[in-house]
1. When the scattering of segment 89-199 is computed by the Debye formula from its Cα atoms alone, each counted once and equally, what is log10 I(q)/I(0) at q = 0.22 Å⁻¹?
2. If you bin every alpha carbon distance in segment 71-153 into 10 Å steps from zero, what whole percent lands in each bin?
3. Which order, highest average first, do 148-157, 86-95, 206-215 follow once you tally other Cβ atoms within 10 Å for each residue and take the mean per peptide?
4. Let me know the Rg and Dmax you get for the chain when you use only its Cα atoms, in Å.
5. If I histogram all Cα-Cα distances within segment 34-120 using bins 5 Å wide from 0, what percent of pairs lands in each bin?
6. With +1 on each Lys and Arg Cβ and -1 on each Asp and Glu Cβ, how big is the dipole of segment 73-225 about its Cα centre, in debye rounded to the nearest 20?
7. If I model a spin label as a point 7 Å beyond the Cα along the Cα-Cβ vector, how far apart are those points for E207 and T94 in nm?
8. L134: net charge of surrounding residues, Cβ under 15 Å, Lys/Arg +1, Asp/Glu -1, itself excluded?
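The numbers here are math on the coordinates, done by the rules we state, and not lab data. The shown structure was predicted, so the numbers you read here are calculated from the model rather than taken from an experiment. Every residue, glycine as well, gets a Cβ built from its backbone with ideal geometry; the counts of neighbours run over all protein chains shown.
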Amino acid sequence: MAATTLAQAVRDHVDDGATVFVGGFGHCVPFASGHEIIRQGKRNLTLTRTGADILIDQLIAGGCVARLIVGYVGNPGIGLAHAFRRALEAGSLTLEEWTNFTLTLRFHAGRIGVPFLPTRALRAGDMPKHIADLATLTCPYTGALLTAVPGLCPDVALVHAQRADEDGNVQLWGIDGDTCEGALASRRIIATVEEIVPAERVRRSPELTVLPAHRVTALCVVPGGAHPSYVHGYYTRDDARFAEYDRLSRRPDDLDAFLAAHVHGVADREAYLGKLPISDLSWPVHHGPGGRQ
């Protein structure tokens, strides 16, 4: 598989109105892909992910999102997602809430090709009455009442990972959350990676290959593509940027200025990284195997 540019991958595979799974779970959040979607002005997207963080908030602020299917929305370790809250209160955003576990079950059902999965979850509490797609079934073996959770197959997944080989076999290690389930449930996958390595290195650690080449639609080499989240073994979480985002996103004008400067005002990820403060450019970004799997 020949690597392509992220701009071309988004142009070819993210359509207006698409359902987009956004990978990452604190770790390896695909910020570069999300920013490219904002730059290209994609519209009316449905975004889905169990734990939605500030990338989803930025996509909402960028005017890209019509609907969310999520378990959580916020700024991890900091607080609220302010653009999300404003859009919800204004009625410009539709929200479908699941628990993190049941949304992961939806992805798993999509991944294995079944229409639903049974669970004991969502049998109590106030959440079930707000979910239109829930159904009850009786277990044919025990007679127990269970919830039928429908499968979910997004149109395209955005995934960031440590590395891939030239064939497109993507390797990811560290916390993956729902990344693998959501990506493999999706019809297409756009994978950004820190680096491409020889196939021999990938074959030496086959257990790290989470996305086989035949499932990867587009492969893009984007060092720093997860900033300000972290990539295990490559760079740490930029806590200052998450705190800064909480402050600036409280006011729509300040958030618009942020997007103008750091998303619309740069051509690509390299230019984005070049605008960061010097202290942020000293992460231990590695391009070789030292200290990693």
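1. For segment 89-199, the Cα-only Debye profile gives -1.18.
2. Answer for segment 71-153: a P(r) of 16, 39, 31, 12, 3 percent.
3. Numbers: 148-157: 21.3, 86-95: 13.4, 206-215: 15.2.
Packing proxy ranking, top to bottom: 148-157, 206-215, 86-95.
4. 19.1, 63
5. Using 5 Å bins, I get a P(r) of 3, 14, 23, 22, 17, 11, 8, 2, 0 for segment 34-120.
6. Roughly 320 debye for segment 73-225.
7. 4.3 nm
8. That works out to 0.
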